[in-house]
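Note sheet for the following structure.
Read the figures in this text as sums done on the coordinates, not as results from a lab. Quantities reported herein were computed from a predicted structural model and do not represent experimental measurements. As a convention, Cβ positions derive from the backbone with ideal geometry for all residues, glycine included, and neighbour counts pool all protein chains shown.
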Amino acid sequence: MGTVPGEIERARLRALLERERARYVADHPRSQELFARARATLLAGVPMSFMGMLTGAFPLSFEGAHGNRIVDVDGRTYIDFCLGDTGAMAGHSPAAVLDAVHERLQTKGGITTMLPTEDATWVGAELQRRFGLPYWQFALTATDANRWVLRMCRMAQRRPYVLVFSECYHGTVDETIVVVGPDGRAMAKPGNVGPQVDPTQTTRVVEFNDVEALAAALRPRDVACVLMEPWMTNIGIVPPRPGFLDAVRALCDETGTLLINDETHTFSAGVGGCTRAYGLRPDAVTIGKAIAGGVPIGAYGVTEELAARILGDADADLVDQGGVGGTLAGNALASAAARATLEQVLTEDAFAHMISLGTAYTEGVQAVLDEYAVPWVIVQLGARAEYRFCPEVPRTGNQSRAAHDGQIEEYLHLYTLNRGIFITPFHNMALMCPDTSRADVDRHTEVFGAALRQLLV
Ligand SMILES: Cc1ncc(COP(=O)(O)O)c(C=O)c1O
């Protein structure tokens, strides 16, 4: 028994963690062998640095994935609540995307030509309908969409700074890898890899939900734009307090600052993300990951007014080497995949299903927390939900960071993975896709409950 109900005994946690680590190793000989080989050729043994965020002693190598199931190289099947950290929010290899990609690759031909296709125009119109912004362009990642929009905003505004919220994540964008330090002042995020310049020279950073700090930071009128997720999702989920999003818009209006909503993850709120769900009025929206069914893409949309300022700027080179655009961006393959995803997969009906399962997942986790009197919270944002090891919903990035507990997290990730459930290796995020079923959610609740019973009873 813990000393008080719901309290974790560390010695027991360590023992259980060892047991789960050993089980992981024993169950995945082929993944272990592939990792040993990969270490001889791949930097850190992984094709991309985030894949080094291990749940076990070595990464799980996978063989195939369909819908919300992944099969690993040892033949084990997982219910996937990670969904490629949102890249596969449409499910793995959705049929409509396969058909569209096949038609583009095989029948019509031409993956990338640096020429436009009709599909791109269709996708622009659909994003316009969903997010309410008239003009769109494409990138290959959400990172690049953010990078390019920041440049265009700085140019249009002739102002040097951008503003972000502490503990945000907007991709590997230099200006955003900055936090509010322990002394309340901006500092480069610990671990920031080789920044070109100290990001405090390019960026103002304040805590999410802190209207006063935001007002003070925008007052000098030298901030070109605020880049934000309407709900923070990369440090657990941090919701806005009532009125905060309105206050951000009002302060931007008062100080002539542009507002960019990064909807890459908050897309889980509905077909048009938080922008549509809450009737927000950003000057630009950026998005990526899910909208092409897993094929790499990023997109950005801007208002009529911002478009006119960008296109009317005689000093800006927007068609060659001015710092915006990429050779493969807007390619025919990604455009075809995005059209199929938005037209046939991530539809209104699909979101209704995904969001109802997000609610069921949240209720399931909450019931387990109540049963064992565990003082943690779970927060839902549409089709996404995440529990956090603190008693109250965090309201700032730094509050949420303080609730991190690496040992409990590793135990829960491994316990669930060893029983066929895969949640996002970063923090405790779970996402529903059109293929997720109520039975999958109930299975998670059951396994999560068993993990806590082992720990607490
Ligand atoms: C809100 C947000 N914006 C942008 C990105 C960057 O996406 P990508 O790594 O696909 O460029 C991420 C990635 O997690 C994200 O969460």
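A simple rule links phi to the HN-Hα coupling: the Karplus curve 6.51 cos²θ - 1.76 cosθ + 1.60 with θ = phi - 60°, which for the range 429-441 gives 7, 10, 10, 9, 10, x, 8, 5, 10, 4, 5, 5, 5 Hz, with x for Gly and Pro.
Where does each of 108, 289 land when they are ranked from fewest to most other beta-carbon atoms within 10 angstrom? Intermediate results must be reported in sequence, preceding the final value.
On the way: 108 11, 289 24.
Sorted ascending by nearby Cβ count, the order is 108, 289.
Can you list residues from other chains, or at least 5 along the same chain, whose modelled amide H is less than 5 Å from the amide H of residue 181? Amide H neighbours of residue 181: 186, 187.
If you take every residue apart from residue 195 with its C-beta less than 10 Å away from the C-beta of residue 195, what net charge results, scoring Lys and Arg +1 and Asp and Glu -1? Before the final figure, lay out the partial values.
Details: positive: 189; negative: 174, 175, 198.
So the environment of residue 195 carries a net charge of -2.
The protection proxy used here, the mean number of other Cβ atoms lying within 10 Å of each residue, ranks peptides 113-123, 439-449, 424-434 as follows, highest first: 424-434, 439-449, 113-123. Taking the charge dipole of the chain about its Cα centre, with +1 at Lys and Arg Cβ atoms and -1 at Asp and Glu Cβ atoms, the residue from 390, 136, 252 reaching farthest to the positive side is 390. Phi angles of the range 326-343 translate, via the Karplus equation with coefficients 6.51, -1.76, 1.60 and θ = phi - 60°, into HN-Hα couplings of x, 4, 8, 5, x, 5, 5, 5, 5, 5, 5, 5, 5, 4, 5, 5, 6, 6 Hz per residue; Gly and Pro are given as x. The phi-based Karplus calculation (6.51 cos²θ - 1.76 cosθ + 1.60; θ = phi - 60°) puts the 3J(HN,Hα) values of the range 360-368 at 4, 4, 4, 5, x, 4, 4, 4, 5 Hz, whole numbers, x for Gly and Pro. Highest mean first, the peptides 352-363, 332-343, 375-386 sorted by other C-beta atoms within 10 Å per residue fall in the order 332-343, 375-386, 352-363. Proximity of backbone amide H atoms, modeled 1.01 Å from N, is registered between residue 135 and 302 at under 5 Å, excluding neighbours fewer than 5 places apart on the same chain. As a rough footprinting exposure proxy, the listed residues 138, 351, 62 were ranked by other beta carbons within 10 Å of their own, and the order from fewest upward is 62, 351, 138.
Give me the Å³ per residue figure for the convex hull around the C-alpha atoms of the range 196-309. Walk me through the numbers on the way to the answer.
On the way: hull volume 16.0 nm³, N = 114.
Per-residue hull volume (Cα only) is 140 Å³.
Averaging 1/r across all pairs of distinct Cα atoms in the chain and inverting the result yields a Kirkwood radius of 23.0 Å. Over the C-alpha trace of the range 294-380, radius of gyration and Dmax come out as 21.6, 64 angstrom. Each of residue 77 and residue 51 was given a label point 7 Å from its Cα along the Cα-to-Cβ line. The distance between the two points is 2.4 nm.
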